[in-house]
Amino acid sequence: MLRIVPYPHPALRYESRPVVQIDDRLRATVREMFDLMYASNGIGLAANQVGVPLRFFVLNLTADAAQPDEERVFINPEIVKRHSSEENEEGCLSFPGLYGKVRRARKIKVRSYDLAGSEVELDADDLLGRAIQHETDHLDGKLFIDYLGPIARTSANAKVKEIEAGYRKAQAEGIYPSDEEIRRQLDEMARSAAVV
Ligand code: ZN
């Protein structure tokens, strides 16, 4: 029922609201997000990438459904410390086929809640640290293309246009409502605590 939405679906620029309740509905959405993520060979997926305007994301750095022990859920995450920085290549399931170098903190400390409702504090670097920063950005409506320098942005432009054309075509076919209607639905979901 959920689908991974491509750029420039309005959910990707939506500033998500905090999760107020961890219940069966949220757990079902999390499960569905892991399955969609594996089907696309991704390592991380934020709720607004499936049109849900709430602050949580899922990660499995192995991208392997056969390794559920590696599944992590971050609810209401907050990056509380950042150390130095480094540049590395990133992609995003909302930008199929697009990759670019992004500068991120080399080490971070993140505080969040897990599905059991326990507060978890985690020090992360390398791929884990980068993925957490990328996904937390999604919850604020920030995208990795925002960080590309002018030259990288220019070379990414054709691919971004292609992804956007795919979204507009799907919209014309009725797969997505108008952007205005999507924004209205997002506001309504964000207002209603019943969404989780
Ligand atoms: Zn992404």
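For the chain, what does the relative contact order come out to in percent, with C-alpha contacts under 8 Å and a separation of six or more?
On the way: 345 pairs, mean separation 51.3, N = 196.
Relative contact order for the chain comes out at 26 percent.
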>> If the elastic network links every pair of Cα atoms under 10 Å, which of V52, V20, V30 fluctuates the most in the Gaussian network model of the chain?
In response: V20
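So, with +1 on the Cβ of K and R and -1 on the Cβ of D and E, and no other charges, what is the size of the charge dipole of the chain about its Cα centre, to the nearest 20 debye?
Values: 27 positive and 32 negative charges, 116 e Å.
With only Lys, Arg, Asp and Glu charged at Cβ, the dipole is about 560 debye.
Would you please name the GluC sites (Glu not before Pro) within segment 138-191 that are DSSP coil residues with at most 13 other C-beta atoms within 10 Å of their C-beta?
Values: sites: E162, E164, E173, E180, E181, E188; in loops: E173.
Loop-located and lightly packed - E173.
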>> What's the ranking of 68-79, 108-119 by average number of surrounding C-beta atoms within 10 Å, highest first?
In response: 68-79, 108-119
> Using the Cβ atoms and a cut-off under 13 Å, what net charge is assigned to the surroundings of K169, where Lys and Arg are +1 and Asp and Glu are -1?
Replying inline: -1
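Suppose only helical runs count, i.e. DSSP H with n ≥ 4. What mean residue ellipticity at 222 nm does that imply for the chain under -39500 (n - 2.57) per run, divided by all residues and rounded to the nearest 500 deg cm²/dmol? Intermediate results must be reported in sequence, preceding the final value.
Values: 4 runs with 66 residues, N = 196.
Here the helix-only value at 222 nm equals -11000 deg cm²/dmol.
Quick one: net charge around A152, please, counting Lys, Arg +1 and Asp, Glu -1 for every other residue with C-beta under 12 Å from its C-beta. Show your work: numbers first, answer last.
Details: positive: K101, R103, R153, K159; negative: E87, E89, E90, D146.
In short, 0.
So which of K107/K142; K107/K169; K142/K169; K109/K161; K101/K169 end up more than 31 Å apart, counting from Cα to Cα?
Values: K107/K142 20 Å; K107/K169 40 Å; K142/K169 24 Å; K109/K161 35 Å; K101/K169 29 Å.
From the list (K107/K142; K107/K169; K142/K169; K109/K161; K101/K169), the Cα-Cα distance tops 31 Å for K107/K169; K109/K161.
Starting with the highest mean, order 137-144, 80-87 by the number of other Cβ atoms within 10 Å, averaged over the residues of each peptide.
Working: 137-144: 19.4, 80-87: 11.5.
The densest-packed peptide leads the list: 137-144, 80-87.
Bear in mind these aren't lab numbers, they're just calculated from the coordinates by the rules spelled out. Just so you know, these numbers come straight off a predicted model, no measurement behind them. With ideal geometry, Cβ positions are generated from the backbone for all residues, glycine too; neighbour counts draw on all protein chains shown.
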